[in-house]
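Asker: Provided herewith is a single structure, encoded as structure tokens, for subsequent inquiry.
The values are calculated or read from the model by the stated rules, or taken from the named source; none is laboratory data. Remember, it's a predicted structure, so these values are computed and weren't measured experimentally. Glycine gets a Cβ as well: all are built from the backbone with ideal geometry, and neighbour counts include every protein chain shown. Accessible surface areas use protein heavy atoms only, side chains included; no ligands, DNA or RNA. Shrake-Rupley method; radii C 1.70, N 1.55, O 1.52, S 1.80 Å.
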Amino acid sequence: MMGPAHSLSGAAAWLGVGAAVAGAGHPMPWPVLVAGALICAGAALAPDLDHKSATISRAFGPISRWLCEIIDKLSHAVYKATRTQGDPRRNGGHRTLTHTWLWAVLIGVGASALAMTGGRWAVLGILFVHLVLAVEGLLWRMARTSSDVLVWLLGATSAWILAGVLNEPGNGADWLFTAPGQEYMWLGLPIILGALVHDIGDALTVSGCPILWPIPIGRKRWYPLGPPKAMRFRAGSWVELKVLMPAFMVLGGFGGLGALGYI
């Protein structure tokens with residue numbers, strides 16, 4: 001799928017989680033709901049860091065373009081080193097390593113560890129990166145016509161405000177993980193969810209997605225998981241723009257209302 005659809009699906013997924021935990025009697029503080037939805041929207045773009053034309057590769061100027069080249073080469077190297085005879089030869093690393101459940105978990109766990117050990121500045125850094133990506137994905141029309149500096153300033157300002165709100169007692173710094181030293185441990189959860197939602201979205205397209213790697217399926221270790229081919233669509237097609245994106249907005253709206261206890 002394209003960037004805007006990925007971001008919408010990520011935000012909707014976290015709002016759905018908020019509704020589910022509220023229904024189970026453990027509602028999220030509203031700052032966690034808002035921050036998590038934005039982080040998840042940004043994280044839903046992150047797996048495409050292996051693609052030089054993706055939104056994330058342009059989001060941070062030369063830094064993200066340089067990182068994109070490294071991740072693409074790393075992903076391709078891992079693919080070549082682990083492919084079986086049933087896996088086709090590839091010239092690049094797109095939709096390989098960064099599009100797997102293992103990558104999603106590692107990135108999420110790494111973010112949680114960084115947030116717990118790095119203090120306020122680490123939390124601000126995680127929020128800044130993902131809020132910039134959320135702006136690029138959710139407000140893509142405005143982001144495309146604005147300068148990168150304005151997008152970065154919006155991300156930085158939003159990150160500073162959210163970090164301050166979250167740090168207030170009862171606002172969610174210790175949501176879900178309450179032991180001393182576990183503040184902001186939950187930040188990895190929307191990152192994992194966003195990456196997995198991205199992978200599921202890509203699995204619906206023509207090429208499929210090797211979400212289950214390194215678990216082999218048949219003769220392939222990089223099996224492109226997805227529904228029957230007749231049910232798949234091309235990225236950017238009318239199915240994505242006219243059906244899925246409106247559906248994500250509606251589901252996200254219902255999820256948000258449920259999470260806040262209105263339905």
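Asker: In the chain, what percent of the accessible surface is made up of carbon and sulfur (1.4 Å probe, ligands and nucleic acids excluded)?
Answerer: Carbon with sulfur: 69 percent of the solvent-accessible area.
Asker: Can you tell me the accessible area per residue over the chain, all protein chains present, probe 1.4 angstrom, in square angstrom?
Answerer: Spelled out: the 1.4 Å probe surface of the chain, per residue, equals 50 Å².
Asker: Mind checking which aspartates and glutamates have their Cα closer than 18 Å to the Cα of residue 80? Skip sequence neighbours fewer than 8 apart in that chain.
Answerer: 50, 69, 72
Asker: Normalising by the residue count of the stretch 129-233, find the relative contact order in percent from Cα pairs under 8 Å and 6+ residues apart.
Answerer: Relative CO of the stretch 129-233 lands at 14 percent.
Asker: Next up: From Cα pairs below 8 angstrom and at least 6 apart in sequence, can you work out the relative contact order of the stretch 1-108, rounded to a whole percent?
Answerer: 22 percent
Asker: Let me ask something else. Go through 220/242; 52/242; 73/220 and tell me which ones have a Cα-Cα distance over 31 Å in this structure.
Answerer: Pairs exceeding the cut-off: 220/242.
Asker: If you bin every alpha carbon distance in the stretch 3-260 into 5 Å steps from zero, what whole percent lands in each bin?
Answerer: In order of increasing distance, the bins hold 1, 7, 12, 17, 19, 17, 13, 8, 4, 1, 0, 0 percent.
Asker: Now for a different question. Can you pull the accessible area of residue 185 for me, 1.4 Å probe, Å² to the nearest 10?
Answerer: Per-residue accessible area (residue 185): approximately 60 Å².
Asker: Just in the stretch 61-132: which chymotrypsin sites (Phe, Trp or Tyr not before Pro) are loop by DSSP and have at most 11 other Cβ atoms within 10 Å?
Answerer: Listed in order of number, the matching sites amount to none.
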